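**Student:** Before anything else, here's the structure in question.
Just so you know, all these numbers are worked out from the coordinates, no wet-lab data involved. Computed from a prediction, not measured in an experiment: that's the story for all the values here. Please note: Cβ atoms are built from the backbone with ideal geometry, for glycine as well, and neighbour counts cover all protein chains shown.
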There are 2 protein chains.
Amino acid sequence: MIIGSRDAQKAQNVVAELKPKMRAGELVGMTNQEAVKQGEFVVIAVPYEGQAQMIEDLKGQLAGKIVIDTVVPLQKGKPFVPPAGSALLEAQTILGDEAPVIGALHNISAVDLGDVDSHLGDVLVCGDNETAKQKVMEVIRRIGARTFDAGPAANAYVIEGLTGVIIHLNKKHKSKHGSIRITGIGD
Amino acid sequence: MIIGSRDAQKAQNVVAELKPKMRAGELVGMTNQEAVKQGEFVVIAVPYEGQAQMIEDLKGQLAGKIVIDTVVPLQKGKPFVPPAGSALLEAQTILGDEAPVIGALHNISAVDLGDVDSHLGDVLVCGDNETAKQKVMEVIRRIGARTFDAGPAANAYVIEGLTGVIIHLNKKHKSKHGSIRITGIGD
């Protein structure tokens, strides 16, 4: 796995922090520009404010990759619907046909995602490219989460916004583990 | 409990259908105009297209009531964000200070809600009037569901949209029971 950052040193610092927590696999740090050239999947995990510029900057290198968008539009910690309809639709508009953008992993707490022993919530996955969506669901199942095909890219505003609601619940109940589980389907 | 409809006969037909399923309590049917005069809570459960006109028509009689809005904006079965930001905000804009609108019960399947033996999913409740929100949560807990304060009225678009995602999941998995459960909080 590769950690990218605008600053290679920052990426390497994160690698140094994460490596002791890992049980298996490689982890290296480099600039975003170099990182996105590697592998099949590129995970976007930045604050909403930084997403558009970052994707503009990486547009050429993202061609042919599957982009996993975890970005949640927040204003002072509260969810909102950006003009494009969602962070995902904004990213897809910038990338055009260059790379499919699949929304996923928004609703899992960073704390739980960073703990190999934690029980993960369900992951709602959305996007318009069905092949890419299935591949992303397969990858996410490998980290131990149940995945659900939550429909087209147009549904992304719901899944992104749900994180804002979970942040609200976490604050109210002093938790860092809020997440959701789908019931009445496949159980 | 009172069932309201534009047509009193329709309301009475629904009452005749529901009564055999009830274990306790009274149920009567009447026109919306008469129904909203009774009791403390008024539940709006109509298709999104009919909501604005209905609330306009009932505006005078709704003064001082707590309005529970279960309405989900759907276009051809798919969720969308209406111009006002959500069905709830649209209803609240029409009612102004006349009555607080609290969003709730969107994500429970009608089948499960109609079955006294079913296990209900969690209910996310939102709205800007804290007193009214707490009262609504108390009422919903009495029907056997866990409730969560999901924040201000501005969050309603997420909770309404989630129903659209659950409808998608139900269709895909041939279920009528799709719902959500909050994890990592209070459990």
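**Student:** Considering only the label points, 7 Å along Cα→Cβ from Cα, what distances in nm to one decimal separate A:Met1 from the same position in each other copy, shortest first?
**Tutor:** Label-point separations across copies, in nm and ascending: 4.7.
**Student:** Report the net charge of residues surrounding B:Tyr48, where surrounding means a beta-carbon distance below 15 angstrom and charges are Lys +1, Arg +1, Asp -1, Glu -1. Could the numbers behind the result be given before it?
**Tutor:** Numbers: positive: B:Lys76, B:Lys78; negative: B:Glu49, B:Glu56, B:Asp69, B:Glu90, B:Glu160.
Charge balance near B:Tyr48 sits at -3.
**Student:** Considering lysine pairs in the stretch A:1-130 that are 8 or more places apart or on different chains, how many have Cα atoms under 20 Å apart?
**Tutor:** 5
**Student:** What does the charge add up to near A:Val136, with Lys and Arg as +1, Asp and Glu as -1, over the other residues with Cβ less than 12 Å from its Cβ?
**Tutor:** Around A:Val136, the charge tally is 0.
**Student:** Also, I was wondering about something else. Taking the Cα centre of the stretch B:33-125 as the origin, how large is its charge dipole in debye, to the nearest 20, when only Lys and Arg (+1) and Asp and Glu (-1) carry charge on their Cβ atoms?
**Tutor:** 240
**Student:** Follow-up. Say a paramagnetic label sat at a point 7 Å from the Cα of B:Tyr48, along Cα to Cβ; which residues of the stretch B:154-182 have their backbone N under 20 Å from it?
**Tutor:** Answer for this model: B:154-172, B:178-180.
**Student:** So if I place +1 on the C-beta of Lys and Arg and -1 on the C-beta of Asp and Glu, and nothing else carries charge, what would the dipole magnitude of the protein assembly as shown be about its Cα centre? I want it in debye, nearest 20.
**Tutor:** 780
**Student:** Which distances in nm, rounded to one decimal and ordered from shortest, link the label point of B:His119 to the equivalent label points in the other identical copies, with labels set 7 Å from Cα toward Cβ?
**Tutor:** Taking the point 7 Å beyond Cα along Cα→Cβ, the inter-copy spacings are 1.3 nm.
**Student:** Oh, and also: Using the Karplus curve 6.51 cos²θ - 1.76 cosθ + 1.60 with θ = phi - 60°, what ³J(HN,Hα) values do you get for each residue of the stretch B:27-33, in whole Hz, with x for Gly and Pro?
**Tutor:** 9, 9, x, 7, 5, 3, 4
**Student:** Using a ≥ b ≥ c from the Cα gyration tensor of the protein assembly as shown (square roots of the eigenvalues), is it rounded, prolate or oblate, where a/c under 1.5 gives rounded and otherwise the larger of a/b and b/c decides, a/b for prolate? Display every interim value, and only then the final one.
**Tutor:** Numbers: a/c = 2.30, a/b = 2.06, b/c = 1.12.
Prolate shape, in that a/c is at least 1.5 and a/b is the bigger ratio.
**Student:** Could you tell me which of B:Gln12, B:Ala35, B:Gly50 has its Cα farthest along the dipole of the stretch B:1-54 towards the positive end, charges placed at Cβ (Lys, Arg +1; Asp, Glu -1), taken about the Cα centre?
**Tutor:** Positive-end residue among those listed: B:Gln12.
**Student:** Still on this structure: Between rounded, prolate and oblate, where does chain B land on the alpha carbon gyration tensor, with a ≥ b ≥ c its root eigenvalues, rounded for a/c under 1.5, else prolate if a/b exceeds b/c?
**Tutor:** rounded
**Student:** At 0.36 nm per residue, and after removing the present C-alpha to C-alpha distance, how many nm does the segment from B:His119 to B:Lys172 gain when stretched out fully? If you can, show how the numbers build up before the last one.
**Tutor:** Numbers: separation 53, 0.36 × 53 = 19.08 nm, distance 2.14 nm.
In short, 16.9 nm is gained.
**Student:** Label-to-label distances across copies for A:Asn13, with labels 7 Å out along Cα→Cβ, in nm, shortest first?
**Tutor:** Output for A:Asn13: 6.9 nm, nearest copy listed first.
**Student:** B:Val14: net charge of surrounding residues, Cβ under 12 Å, Lys/Arg +1, Asp/Glu -1, itself excluded?
**Tutor:** Numbers: positive: B:Lys10, B:Lys19, B:Lys21; negative: B:Asp7, B:Glu17.
Once positives and negatives cancel, what remains is +1.
**Student:** Taking all pairs of different Cα atoms in the stretch A:64-137, averaging 1/r and flipping that mean, what Kirkwood radius in angstroms comes out?
**Tutor:** Hydrodynamic radius (Kirkwood, Cα pairs) of the stretch A:64-137 is 13.5 Å.
**Student:** Next question, about the same structure. Going by the alpha-carbon gyration tensor, a ≥ b ≥ c the square roots of its eigenvalues, is the stretch B:1-81 rounded (a/c under 1.5) or, if a/c is not under 1.5, prolate (a/b greater than b/c) versus oblate? Intermediate values should be presented prior to the final figure.
**Tutor:** Numbers: a/c = 1.87, a/b = 1.31, b/c = 1.42.
Note, shape of the stretch B:1-81 comes out oblate.
**Student:** As a test of the formula, what do you get for the protein assembly as shown when each DSSP H run with n ≥ 4 contributes -39,500 (n - 2.57) and the sum is divided by the residue count, at 222 nm and rounded to the nearest 500 deg cm²/dmol? Intermediate values should be presented prior to the final figure.
**Tutor:** Numbers: 14 runs with 147 residues, N = 374.
Value at 222 nm, helices only: -11500 deg cm²/dmol.
**Student:** Suppose R0 equals 25 Å. What FRET efficiency, 1/(1 + (r/R0)^6) with r the Cβ-Cβ distance, do B:Asn13 and B:Glu34 give to the nearest 0.05?
**Tutor:** 0.95
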